[in-house]
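A.B. asks: Could you have a look at this structure, given as structure tokens, before my questions?
The values are calculated or read from the model by the stated rules, or taken from the named source; none is laboratory data. Here the structure is a predicted model, which is why all the values come from computation and not from measurement. Glycine also receives a Cβ, built like all others from the backbone with ideal geometry; neighbour counts cover every protein chain displayed.
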Amino acid sequence: MGNSEAAAKAWRRINWIGVIAGVLTIALPFLGKWWQLTLGTGAVFMEMSPFGTDIIIFEESVSGAIGSPLLWWFLLGLKLVIVYLGVVLLAGSVLSISDRHVAIAEQFIHFSARKLLWLVVAFVALLFFIIVIVNQAPGILDSLIGNAPFQLRSDLPYLIGEGEVSGGIEVMRFACPIRMEFTNAFGIAVLAAALGVASRIYQKRLHNKNIT
Amino acid sequence: MDEKKIRFVLSTIPTILLVVCIVAAFATHGWNVRTTVFSEDPRKTVERLLPFEFDAETEFLEVKGIELAEGGNKLAIEVVIHSPLNVPMTIEELSAEVVVGNSTSTISLPGKVEIPAKGSSSIKLEGSLPKAGMPSEAEPKFRNMKMKLDITGLKLEVFM
């Protein structure tokens, strides 16, 4: 077997799907927030991701005021964990090239490939749960309090779209349009998570192929 | 290194990272639980969240003068609106009933008015008077005031 043929074979043993997933996972904490909420035409603007939340109320950022230092450090830890998972996935995907380290590569990929998917699923599920609670809250309050002096109506969209929150008391009524959308960073997170899962399946195939 | 050790090391590192960060949070805040958990005094936080100042002394609406036009058949009231908000707002509608003696007249804003952030705007509310006109010495009283505001997309209707 010639040198060039051996090199080509080695390149083919790299789990390229895992390499891409690893690089995207490493970049993910630095790509910005995943989801946006706008009240009115900018009365309140909120951006969220598992790595942090930015809130701007009447053109003033209040993230620092309502955020806790403990939460800030915890989210920093989460960012480091995601970067670590990306590095492990990348290392595992590249290590497949070596016969000596193929078992370690397998473990690296097995450990890191699906974790991001759980984070994405947990983030979406949590948002969905909060929206369901907020939309149900007026009905629950109505049934609990009965003839409440205030009225509240919540028609939030489920994660994407437009809706309205309205309500009021005898002397005052308010109505506020709400817009929600996912950002491009969320798209990259979904892509990285999907590629992570695919890299694990691909690694198994690669391993079986090498055994046979 | 055997498989079990690798698995153990791989899964321990994220826990260590998180624990180190939480310990660092306390260490950088002098091991004080309150300052670590809350960034500032909750009252200050509420004040920052509200778009207006707690101790604002100026009134929102200030009547500057009352004018009679068209031979006493038309009433115009000059009002200065002081906005306590940190953002601009638009008064879309403003109307009120003015009672002067036995006469009642409805005055309203001819068009939308924009008030700058923490600024003031002078507006003129106009309305027709009953044929009897307005007794000049009587003190006008306002009632059934209705105001529609647009604060950066947030629609607010106030009835007084």
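A.B. asks: Please determine, by comparing only the residues of the range B:61-84 that are at pLDDT below 80 and among the small types (Gly, Ala, Ser), which one is surrounded by the fewest Cβ atoms within 10 Å (Cβ to Cβ).
C.D. replies: If we take residues in the range B:61-84 being at pLDDT below 80 and among the small types (Gly, Ala, Ser), then B:71 is surrounded by the fewest Cβ atoms within 10 Å (Cβ to Cβ).
A.B. asks: Could I ask something else about it? Among B:58, B:15, which is the only one that is β-branched (Val, Ile, Thr) and modelled with pLDDT under 90?
C.D. replies: B:58
A.B. asks: Any residue at all in the range B:129-141 that is within 19 Å of residue B:66 (Cα to Cα), part of a strand (DSSP E or B) and either within 14 Å of chain A (Cβ to nearest Cβ) or modelled with pLDDT of 80 or more (or both)?
C.D. replies: No.
A.B. asks: Follow-up question, since we're still on this one. Right, residue A:131: closer than 30 Å to residue A:169 by Cα, out of contact with any Leu (no Cβ under 7 Å at 6 or more places or on another chain) and surrounded by 14 or more Cβ atoms within 10 Å (Cβ to Cβ) or not? Can you show your working first?
C.D. replies: Values: closer than 30 Å to residue A:169 by Cα: yes; out of contact with any Leu (no Cβ under 7 Å at 6 or more places or on another chain): no; surrounded by 14 or more Cβ atoms within 10 Å (Cβ to Cβ): yes.
So residue A:131 does not fit the description; no.
A.B. asks: Taking the conditions exactly as written (touching a strand residue (DSSP E or B) at 6+ places or on another chain (Cβ under 6 Å), within 13 Å of chain B (Cβ to nearest Cβ) and buried (at least 17 other Cβ atoms within 10 Å of the Cβ)), does residue A:109 satisfy them or not?
C.D. replies: Spelling it out, it is not the case that residue A:109 is touching a strand residue (DSSP E or B) at 6+ places or on another chain (Cβ under 6 Å), within 13 Å of chain B (Cβ to nearest Cβ) and buried (at least 17 other Cβ atoms within 10 Å of the Cβ).
A.B. asks: Please find, within the range B:84-112, the residue that is nearest to the other protein chains (Cβ to nearest Cβ) out of those that are of a type outside the set (S, T, N, Q) and within 27 Å of residue A:61 (Cα to Cα).
C.D. replies: B:87
A.B. asks: Of everything in the range A:30-65, what is facing chain B (nearest Cβ under 10 Å), part of a strand (DSSP E or B) and aliphatic (A, V, I, L, M)? Give them in sequence order.
C.D. replies: A:39, A:44, A:55, A:57
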